[in-house]
Each structure stands twice: as structure tokens, then as C-alpha cells.
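As C-alpha cells, the structure follows; a few thoughts come after it.
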Amino acid sequence: MEEMQKRIAVLSVIVEDRYSAESINALLSEYGAYIVGRMGIPYREKGVSVICVVLDASTEIVNALTGKIGRIGGASAKTLFSKY
């Protein structure tokens, strides 16, 4: 079977419920082999946190992670892919 083509992706997550952070961190740990880097910014004045994750993985893997995070209450997730 051919290896799926990897692409660089940026996963952006807005966390509006801080109690969902544990579930998000568990998923990020589960997909840790694909994570190139991660940055988290708490925006206390607005009561939200923003997480940006750079991934090097197949489209299927990135979409799976994005979908799982998006199904967590109090979190929104979107992904931007490189062309190659």
C-alpha cells in the first residue's frame, strides 16, 4: 500500500470553555507524532484561549484531529493546508 502523502497544516483552535482544555490536550498528545510545533495563547480579557498547531501529516490524519477537537464542547477548530 502506498504511503499517504504528507502536507504541512496549521490547526487553529479557539477554546471558550477552559474545562475542555484537558480533552484537547489529550487529543494533541495522541497525535503528537505529527506535531511540528504548538503555541497556546490565553486571552484572559476575553475569557478564551487560542492554540495554533503546525502538523506534518496526511490530509486524513489532520482532518480526523480537527474533527475530534471540533466535537469537543466549548472549542472550535479550523485547518489551513499547504499546497504540497
| query | Of all accessible surface on the chain at a 1.4 Å probe, what whole percent is carbon and sulfur? | reply | 54 percent
| task | Report ³J(HN,Hα) in whole Hz for each residue of segment 73-81, in order, from the Karplus equation J = 6.51 cos²θ - 1.76 cosθ + 1.60 where θ = phi - 60°; Gly and Pro get x. | result | x, x, 9, 10, 9, 9, 10, 10, 9
| request: Run the numbers on the chain and let me know its relative contact order in percent, using alpha-carbon pairs under 8 Å that are six or more apart. | output: 48 percent
| task | Return the whole-Å distance between the Cα centroid of segment 16-46 and the Cα centroid of segment 61-81. | result | 11 Å
| So, counting K/R as plus one and D/E as minus one, what does the shell of residues with Cβ under 11 Å around G73 add up to? | -1
| remark: Karplus-derived 3J(HN,Hα) from phi for segment 36-41 (6.51 cos²θ - 1.76 cosθ + 1.60, θ = phi - 60°), whole Hz, x at Gly and Pro, runs 8, x, 8, 9, x, 10
| For the chain, built as a Gaussian network whose Cα springs stay under 10 Å, the top-fluctuating residue of V53, V13, V36 | V36
| field | lysines whose Cα lies under 25 Å from that of K46, excluding same-chain neighbours fewer than 8 positions away | value | K68, K78
| remark: Calc'd 3J(HN,Hα), segment 60-71, phi into Karplus 6.51 cos²θ - 1.76 cosθ + 1.60 (θ = phi - 60°), Hz, glycine/Pro = x, comes to 5, 5, 4, 5, 4, 5, 4, x, 5, 5, x, 7
| field | Gaussian network model of the chain, Cα within-10 Å springs - most flexible of V50, V62, V15 | value | V50
| message | If you take volume of the Cα convex hull per residue in Å³ from the coordinates, which of (1) 84; (2) 105; (3) 156 do you get? | response | (1)
| message | Using DSSP to call loops (not H, G, I, E or B), can you name the GluC sites (Glu not before Pro) in segment 29-84 whose Cβ has at most 10 other Cβ atoms within 10 angstrom? | response | E45
| request: Could you tally the net charge around L27, taking each other residue with its Cβ under 13 Å from the Cβ of L27, Lys/Arg +1 and Asp/Glu -1? | output: +1
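The values are calculated or read from the model by the stated rules, or taken from the named source; none is laboratory data. Please read these numbers as outputs of a predicted model, since none were measured by experiment. For neighbour counting, all protein chains shown are included, and Cβ atoms are generated from backbone atoms with ideal geometry for every residue, glycine included. When the accessible area is computed, the model is the full protein with side chains, heavy atoms only, and any ligands, DNA or RNA have been set aside. Shrake-Rupley method; radii C 1.70, N 1.55, O 1.52, S 1.80 Å.
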